[in-house]
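Notes for the one structure printed next.
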Amino acid sequence: MCLKVCKLSAKPEFIEAAKAGNILARKCTKCSEILLATVYYCRSCGSKEFEDTILKGTGKVVTYTIMTVPPAGFEELAPYAWVVMELDDSGIRVSGFLGKIPTPEDLPIETPVKITGFDERGIVLEKL
Amino acid sequence: MERESVCVLGGGSTKYGKLDDSISDITLQASVGAIESAGIEPKEIEAGYISNVFGVADKQVHLGPVVMSNLGISECPSLSIESACGSGSVSFREAFANVAAGFYDAVLVTGTEKVTHTGTDWTTTYFSYCSDFFYEGQAGASFPGLFASMARAYLHEFNATEEDLASVAVKNHENGVLNPKAHLRKKISIDDVMNSAVVASPLKLYDCCPFSDGASSVILCNEKFAKEHSKDYVKVIGSGRGGSPAALQGREQLTTIPSTKIAAAAAYKMAGITAKDVDFAEVHDCFTVAEVVDSEDLGFFEKGTGATAARNGETKLNGSISINPSGGLKSKGHPIGATGVGQVVEVYEQLTGKSGERTVNDAKIGLTQNFGATGASCAVHVFESV
Ligand SMILES: [Zn+2]
């Protein structure tokens, strides 16, 4: 799929891709920078001409926290981790929800993780 | 461009903490404090800048006209500014720009917040709306969670411990004990911090600032107006703002806040100084790790050495650089819309001999740094005594 000028808000498509375990990204046709599909102008060169790119939702934990005092809606899920991960191939970072992590020993930095879905908890991750 | 020299002429604050009065009442109380401290009449005010985030939680937005009416100057124009926890400094900056440009001789800058009546769970939830919600709040990250993620990255990357971070809280409580308006006026120990409940690992309850109510206000004016009214004023010699990727995932490094560096560089350049010239700083310590990162981003310490400096006491009152002599957000409290203005009140009091037991000795130059969310937006200001 190649769109010369991408859709202004691609969140529905981004969510569909995450549900399939992938990240919808955009590759700038001018400078090749890869960006998440939720941006509209390239941060490197300012262009808005992109090709849609599907990135595989596997990568490693960059940092995380274990939430024990959660915001509303997450009470039943604590303790869980909120994770910043870096995708394997592109170096793109995304963040999401990773359930059932009681202690830091359960999730050392660089633990391999993958995207498994998208729901009311945003991007959902699991340990590989 | 020729700019007017801009001065802080007076400052007032309510106590920070759990307050019973309504948001419009505390906003008025702080404003009256600033007006009386400046020795001016309300009718001399030409515009009002009100910073606030969650007025809706106390059934009052559009606070400006309410405050102006109660000051007897309903005809005076006003506006409200929201930039999450950085609202106060953004509002101050906009007021600064307008006085510097010559639009106004004197303006009122008041920051205010009233949230404690909503309870911890709802406050945590409301605050999460300040994040890049699609990637952060929606996925269960609270603000302690976002800063905890930065703390884990910092502890992983540098030679620092959770006890080092705790030393920031201990120091700020030491200073807050000396501040009659502080929210948490209690001495604490490293053990108290380490043994407090985990909120979002590795951050514990005592690594986190409290949710506070409170309001702070200053009068900002040109130097001619200041000289005509009082000898107690300080000059604003530098002002800078900056931005960062809204979500942590968009930042190349998680142990630095880009907007602080951008804002500080601009403020130092305007002031014609470097970090070495700063005698004390009121910085944004919403969490212990934030003060460590701030102290590096502002240029007081090399990258990765801020935690050690805190542990060694360099940032204590009258240490090599006094950081948060007021007690900071940690002990003085964090009424989010008021915080950035409250920092200016502290600098004004420090540089005009009104800060009592917590006075930084022989201080000439003070700095404020206040950011929104995880530092997605930031403002830095530099002040000089006259
Ligand atoms: Zn590009």
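Specify the residue that is nearest to the chain's Cα centre (by Cα); the eligible residues are those in the range A:12-34 that are near the ligand (Cβ under 8 Å from one of its atoms) and not hydroxyl-bearing (Ser, Thr, Tyr).
A:Glu33
Across the range B:275-293, what is the total count of residues that are within 15 Å of the chain's Cα centre (by Cα), charged (D, E, K, R) and part of a helix (DSSP H, G or I)?
1
Restricting to the range A:1-24, name every residue that is aliphatic (A, V, I, L, M) and modelled with pLDDT of 95 or more.
Answer for the range A:1-24, where residues must be aliphatic (A, V, I, L, M) and modelled with pLDDT of 95 or more: A:Ile15, A:Ala17, A:Ala18, A:Ala20, A:Ile23, A:Leu24.
Among the numbered criteria (1) assigned to a strand (DSSP E or B); (2) at positive phi, which single criterion is violated by B:Gly240?
Going through the list (1) assigned to a strand (DSSP E or B); (2) at positive phi, B:Gly240 breaks only (2).
Out of the residues in the range B:176-200 meeting the condition of being surrounded by fewer than 20 Cβ atoms within 10 Å (Cβ to Cβ) and among the hydrophobic types (A, V, I, L, M, F, W, C), tell me which one is farthest from the other protein chains (Cβ to nearest Cβ).
Applying the filter and picking the extreme gives B:Leu178.
Condition check ((1) closer than 30 Å to A:Ser9 by Cα; (2) touching a residue at least 24 places away in the same chain (Cβ under 8 Å)) across all residues:
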{"residue": "B:Ser51", "(1), (2)": "no, yes"}
{"residue": "B:Met68", "(1), (2)": "no, no"}
{"residue": "B:Gly72", "(1), (2)": "no, yes"}
{"residue": "B:Glu82", "(1), (2)": "yes, yes"}
{"residue": "B:Asn98", "(1), (2)": "no, yes"}
{"residue": "B:Ala106", "(1), (2)": "no, yes"}
{"residue": "B:Gly111", "(1), (2)": "no, yes"}
{"residue": "B:Thr116", "(1), (2)": "no, yes"}
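Yes or no: the range A:68-76 includes at least one residue that is at the interface with chain B (Cβ under 9 Å from one of its Cβ atoms), surrounded by 22 or more Cβ atoms within 10 Å (Cβ to Cβ), closer than 18 Å to B:Gln138 by Cα and not aromatic (Phe, Trp, Tyr).
Looking for residues that are at the interface with chain B (Cβ under 9 Å from one of its Cβ atoms), surrounded by 22 or more Cβ atoms within 10 Å (Cβ to Cβ), closer than 18 Å to B:Gln138 by Cα and not aromatic (Phe, Trp, Tyr), one finds at least one in the range A:68-76, hence yes.
Name, by its number, the condition in (1) buried (at least 23 other Cβ atoms within 10 Å of the Cβ); (2) farther than 30 Å from B:Lys18 by Cβ that does not hold for B:Asp232.
Among (1) buried (at least 23 other Cβ atoms within 10 Å of the Cβ); (2) farther than 30 Å from B:Lys18 by Cβ, B:Asp232 violates only (1).
Which members of the range A:35-57 meet the condition of being within 13 Å of the chain's Cα centre (by Cα), within 20 Å of A:Pro12 (Cβ to Cβ) and either within 9 Å of the ligand (Cβ to nearest atom) or of a type in the set (Lys, Arg) (or both)?
Selection gives A:Leu35 alone.
Kindly provide the set of residues from the range A:41-60 that are touching a Lys or Arg at 6+ places or on another chain (Cβ under 9 Å) and assigned to a strand (DSSP E or B), ordered by number.
A:Glu49, A:Phe50, A:Glu51, A:Asp52, A:Thr53, A:Lys56, A:Thr58, A:Gly59
Kindly establish whether B:Gln253 is within 14 Å of chain A (Cβ to nearest Cβ) and in a helix (DSSP H, G or I).
no
Can you find a residue that is among the aliphatic types (A, V, I, L, M) and under 27 Å from B:Thr110 (Cβ atoms) anywhere in the range B:317-335?
yes
For the condition surrounded by fewer than 21 Cβ atoms within 10 Å (Cβ to Cβ), among the small types (Gly, Ala, Ser) and in contact with a strand residue (DSSP E or B) (Cβ under 9 Å, 6 or more places away or on another chain), what is the one hit in B:Ala34, B:Ala38, B:Ala30, B:Ala97?
Step by step, each of B:Ala34, B:Ala38, B:Ala30, B:Ala97 is checked, and only B:Ala97 is surrounded by fewer than 21 Cβ atoms within 10 Å (Cβ to Cβ), among the small types (Gly, Ala, Ser) and in contact with a strand residue (DSSP E or B) (Cβ under 9 Å, 6 or more places away or on another chain).
I need the full set of residues from the range B:107-125 which are of a type in the set (A, V, I, L, M, F, W, C) and within 10 Å of another protein chain (Cβ to nearest Cβ), in order please.
B:Trp122
Which residues, counting only those in the range B:165-191, are free of Cβ contacts under 8 Å to residues at least 24 places away in the same chain and over 18 Å from B:Asp285 (Cα atoms)?
If the condition is that a residue be free of Cβ contacts under 8 Å to residues at least 24 places away in the same chain and over 18 Å from B:Asp285 (Cα atoms), then B:Asp191 is the only one that fits.
Could you figure out which of (1) under 19 Å from B:Asp207 (Cα atoms); (2) out of contact with any Leu (no Cβ under 9 Å at 6 or more places or on another chain) isn't true of B:Leu254?
Answer for B:Leu254: the failing condition is (2).
Please count how many residues of the range A:58-91 are over 16 Å from the mean Cα position of the chain (by Cα) and among the acidic types (Asp, Glu).
Within the range A:58-91, residues that are over 16 Å from the mean Cα position of the chain (by Cα) and among the acidic types (Asp, Glu) number 2.
Every residue in the range A:92-120 that is at the interface with chain B (Cβ under 10 Å from one of its Cβ atoms), under 17 Å from the mean Cα position of the chain (by Cα) and closer than 19 Å to B:Leu254 by Cα, please.
A:Ile92, A:Arg93, A:Val94, A:Ser95, A:Gly96, A:Phe97, A:Ile109, A:Glu110
Look through the range B:1-27, keep the residues that are of a type in the set (Lys, Arg) and farther than 20 Å from B:Phe103 by Cβ, and return whichever of them is surrounded by the fewest Cβ atoms within 10 Å (Cβ to Cβ).
Top of the filtered list is B:Lys18.
Residues checked against (1) more than 20 Å from the chain's Cα centre (by Cα); (2) among the aromatic types (Phe, Trp, Tyr); (3) assigned to a helix (DSSP H, G or I):
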| site | (1), (2), (3) |
| --- | --- |
| B:Val109 | no, no, no |
| B:Ser131 | no, no, no |
| B:Phe134 | yes, yes, no |
| B:Asp164 | yes, no, yes |
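Could you tell me whether any residue of the range B:348-358 is within 30 Å of B:Cys221 (Cβ to Cβ) and within 11 Å of the chain's Cα centre (by Cα)?
No, that holds for no residue.
Does the range A:77-101 hold any residues that are part of a loop (DSSP other than H, G, I, E, B), touching a residue at least 12 places away in the same chain (Cβ under 8 Å) and surrounded by 14 or more Cβ atoms within 10 Å (Cβ to Cβ), and which are they?
Result: A:Pro79, A:Asp88, A:Ser90, A:Ile92, A:Gly99, A:Ile101.
Among the residues of the range B:136-162, write down those that are within 13 Å of chain A (Cβ to nearest Cβ), in a loop (DSSP other than H, G, I, E, B) and among the hydroxyl-bearing types (Ser, Thr, Tyr).
B:Ser142
The values are calculated or read from the model by the stated rules, or taken from the named source; none is laboratory data. Here the structure is a predicted model, which is why all the values come from computation and not from measurement. Because the Cβ atoms are built from the backbone with ideal geometry, glycine has one as well, and the counts that use them run over all protein chains shown.
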